[in-house]
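Student: Below you'll find the structure I mean.
The values are calculated or read from the model by the stated rules, or taken from the named source; none is laboratory data. These numbers come from a predicted model, not from an experiment. Cβ atoms come from the backbone with ideal geometry, glycine included; neighbour counts cover every protein chain shown.
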Amino acid sequence: MSKAISLLGSTGSIGRQTLEVCEALGIPVLALTANQNVELLEAQCRKFRPSLAACMDPEAARTLKIKLADTGIKVFSGMEGLLEAAIVEGADTVLTAVMGMVGLRPTLAALERGKRVALANKETMVCAGELVTAAAEAYRGEVIPVDSEHSALFQCLQCNGARGEVKRLILTASGGPFWGKTRNELEGVTLADALKHPNWSMGAKITVDSATMMNKGLEVIEAMRLYQMPLEKISVVIHRESIIHSLVEYCDNAVLAQLGAPDMRLPIQYALTYPSREPGPASELDLLGCSSLTFAPPDEENFPCLALAKEAARVGGTATAILNGANEVAVADFLAGKIGFMDIPRRVEKAMSAVSVVQSPGLEDIFLADAAARQAAI
Ligand code: NDP
Ligand code: MG
């Protein structure tokens, strides 16, 4: 079990639930970070007494410093602040729950110090999964997934996963709020509709990603990188109820699944307690309350983001960073009311055809691809 953690993105949906888990399990929190939500970050600092706190936004960091002047908590700003938090002394685990590719450098910094990274921030794995796994191996750090599907796979792989006996990874997808709609109907959906996820309460960006099904596309790439599996050995199945969080099919056709109530506190906790399990705050699964569990094939025709993500995975190199960068700006524009819902896949596709791909990229190639994709997706 983690002795003490550093929490990046503490004011978000995953961040707040992580603090509930830490409080329930008595795990000390030594660093907290946010972008600009100073009010909540200050309250969290007063409650959890970390040794340092950081805001990405410099103005917010200045305000936080004044607010925490009586506490002795060191306050940092910008990427430097996130990096300080990632390597804070005494924390053996860094839970990265920031939104977007901004989580990449802190993840690498933590791994280079041999820490455990409990990874919610899937964009990092999508952009630079090979560099992340290489850093974990080189410095004896470890990456434990927090994303519910990948945590489910991780749990189902505990018995035989390392021995090459896995035939297929099966990721479940709720389908989001627009499942069953046609492309024409999707042209007219609103931001308010997109933010109504049927089963999960999450941050705005991932909620939109779930509605476009880009989230599942990102998760396919995340699974490839985490478990070193080729694209053709990863399937997606629509499972509206979000009770089965994912499945592993073995070579003898045994299929192991992990079930649970849709409650992120369980995968968050497992990433902190692994390899042991502890009683915790996650909700119990009421099996008798699940009248039926349903399965359907994904619809890549009406939800082109899933197909675009698979295409990026097939191309490899910086293609997945291009996909991700374009998607981040397109979703930000959709959230700002500047573009329509179906402009998201259109912009991602535009960036994917405009930006050239570099194979076997280093960190700089990935940042350049990300920047070019953000430009091309405007
Ligand atoms: P939220 O938007 O709720 O929270 C994001 C957190 O990151 C906040 O603390 C925010 O600070 C901070 N942040 C945002 N932008 C920046 C930035 N540029 N630099 C530094 N910090 C930043 O997101 P979620 O908690 O929903 O998701 C976080 C990550 O976890 C995402 O990668 C998501 O895909 C993944 N994930 C989330 C799940 C969920 O259930 N929510 C499930 C599986 C994965 P501030 O509050 O100040 O803006
Ligand atoms: Mg998920």
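Student: Considering only residues that are more than 11 Å from ligand 2 (Cβ to nearest atom) and closer than 20 Å to Ala118 by Cβ, look in the stretch 202-223 and name the one that is surrounded by the most Cβ atoms within 10 Å (Cβ to Cβ).
Tutor: Among those that are more than 11 Å from ligand 2 (Cβ to nearest atom) and closer than 20 Å to Ala118 by Cβ, it is Ile221.
Student: Let me ask another. Among the residues of the stretch 253-274, which ones are touching a residue at least 60 places away in the same chain (Cβ under 8 Å) and either part of a helix (DSSP H, G or I) or farther than 15 Å from Leu153 by Cβ (or both)?
Tutor: Asn253, Pro262, Met264, Arg265, Leu266, Pro267, Ile268, Gln269, Tyr270, Ala271, Leu272, Thr273
Student: Mind listing whichever residues of the stretch 187-226 are at pLDDT 95 or above and of a type in the set (Ser, Thr, Tyr)?
Tutor: Thr190, Thr207, Ser210, Thr212
Residue-by-condition table, conditions (1) of a type outside the set (A, V, I, L, M, F, W, C); (2) touching a Gly at 6+ places or on another chain (Cβ under 6 Å); (3) closer than 28 Å to Ala369 by Cβ; (4) modelled with pLDDT of 95 or more:
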| position | (1), (2), (3), (4) |
| --- | --- |
| Pro267 | yes, no, no, yes |
| Tyr270 | yes, no, no, yes |
| Glu284 | yes, no, no, yes |
| Glu328 | yes, yes, yes, yes |
| Phe334 | no, no, yes, yes |
| Lys350 | yes, no, yes, yes |
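Quick grid of which residues meet (1) in contact (Cβ under 8 Å) with a residue 40 or more places away in the chain; (2) within 17 Å of Ala321 (Cβ to Cβ); (3) among the basic types (Lys, Arg); (4) part of a helix (DSSP H, G or I):
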{"residue": "Ile339", "(1), (2), (3), (4)": "no, no, no, no"}
{"residue": "Pro345", "(1), (2), (3), (4)": "yes, no, no, yes"}
{"residue": "Val348", "(1), (2), (3), (4)": "yes, yes, no, yes"}
{"residue": "Met352", "(1), (2), (3), (4)": "yes, yes, no, yes"}
{"residue": "Gln359", "(1), (2), (3), (4)": "yes, yes, no, no"}
{"residue": "Phe367", "(1), (2), (3), (4)": "no, yes, no, yes"}
{"residue": "Asp370", "(1), (2), (3), (4)": "yes, yes, no, yes"}
{"residue": "Ala373", "(1), (2), (3), (4)": "yes, yes, no, yes"}
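Student: Oh, and also: How about the stretch 163-224: which helices (runs of 4 or more DSSP H) wholly inside it have at least 1 residues that are away from ligand 1 (no atom under 16 Å from the Cβ) and polar (S, T, N, Q)? Step through it out loud before you land on a result.
Tutor: Details: elements: 183-187, 191-194, 204-212.
In the stretch 163-224, the matching helices (runs of 4 or more DSSP H) lie at 183-187.
Student: Taking the residues in the stretch 69-98 that are part of a strand (DSSP E or B) and either under 22 Å from Ser13 (Cα atoms) or of a type outside the set (D, E, K, R) (or both) as candidates, determine which candidate is farthest from ligand 1 (Cβ to nearest atom).
Tutor: Residues of the stretch 69-98 that are part of a strand (DSSP E or B), as a first pass: 74-77, 93-96.
Now narrow it down to the ones that are either under 22 Å from Ser13 (Cα atoms) or of a type outside the set (D, E, K, R) (or both): 75-77, 93-96.
Values: Val75: 14, Phe76: 12, Ser77: 10, Thr93: 16, Val94: 13, Leu95: 10, Thr96: 8 Å.
Of everything passing the filter in the stretch 69-98, Thr93 is farthest from ligand 1 (Cβ to nearest atom).
Student: Exactly one condition in (1) in contact with a Pro (Cβ under 7 Å, 6 or more places away or on another chain); (2) within 23 Å of Ile206 (Cα to Cα) is not met by Asn35; state its number.
Tutor: Just one mismatch for Asn35, condition (1).
Student: Tell me which residues, restricted to the stretch 131-140, are over 11 Å from Leu226 (Cβ atoms) and of a type outside the set (Phe, Trp, Tyr).
Tutor: Leu131, Ala134, Ala135, Glu137, Ala138, Arg140
Student: What do you reckon, is Pro279 crowded, with 17+ Cβ neighbours inside 10 Å, more than 19 Å from the chain's Cα centre (by Cα) and of a type outside the set (A, V, I, L, M, F, W, C)? Outline the logic, then answer.
Tutor: Values: crowded, with 17+ Cβ neighbours inside 10 Å: no; more than 19 Å from the chain's Cα centre (by Cα): yes; of a type outside the set (A, V, I, L, M, F, W, C): yes.
Judged against the criteria, Pro279 is not a match.
Student: Checking Gln36 against (1) over 19 Å from Tyr274 (Cβ atoms); (2) more than 8 Å from ligand 1 (Cβ to nearest atom); (3) not in a helix (DSSP H, G or I), only one condition comes out false. Which one?
Tutor: So the condition that Gln36 fails would be (2).
Student: Would you tally the residues in the stretch 309-330 being crowded, with 24+ Cβ neighbours inside 10 Å and either part of a helix (DSSP H, G or I) or of a type in the set (Lys, Arg) (or both)? Walk me through how you get there before you give the answer.
Tutor: Here is the first cut: in the stretch 309-330, the residues crowded, with 24+ Cβ neighbours inside 10 Å are 309, 312, 318-327, 330.
Remaining after also requiring either part of a helix (DSSP H, G or I) or of a type in the set (Lys, Arg) (or both): 309, 312, 319-327, 330.
So the answer is 12.
Student: In addition: Consider Thr18 against the criteria (1) outside any strand (DSSP E or B); (2) in contact (Cβ under 8 Å) with a residue 24 or more places away in the chain; (3) more than 16 Å from ligand 2 (Cβ to nearest atom); (4) closer than 30 Å to Glu278 by Cα: it satisfies all of them except one. Which criterion is unmet?
Tutor: With respect to (1) outside any strand (DSSP E or B); (2) in contact (Cβ under 8 Å) with a residue 24 or more places away in the chain; (3) more than 16 Å from ligand 2 (Cβ to nearest atom); (4) closer than 30 Å to Glu278 by Cα, Thr18 is out only on (3).
Student: Being within 15 Å of ligand 2 (Cβ to nearest atom) and among the small types (Gly, Ala, Ser) is the filter here, so list the residues in the stretch 138-157 that pass it.
Tutor: Within the stretch 138-157, Ser148, Ser151, Ala152 qualify.
Student: Has the stretch 48-60 got at least one residue that is buried (at least 23 other Cβ atoms within 10 Å of the Cβ) and hydroxyl-bearing (Ser, Thr, Tyr)?
Tutor: Within the stretch 48-60, the subset buried (at least 23 other Cβ atoms within 10 Å of the Cβ) is 50, 53-55.
Still in the running and hydroxyl-bearing (Ser, Thr, Tyr): none.
No, that holds for no residue.
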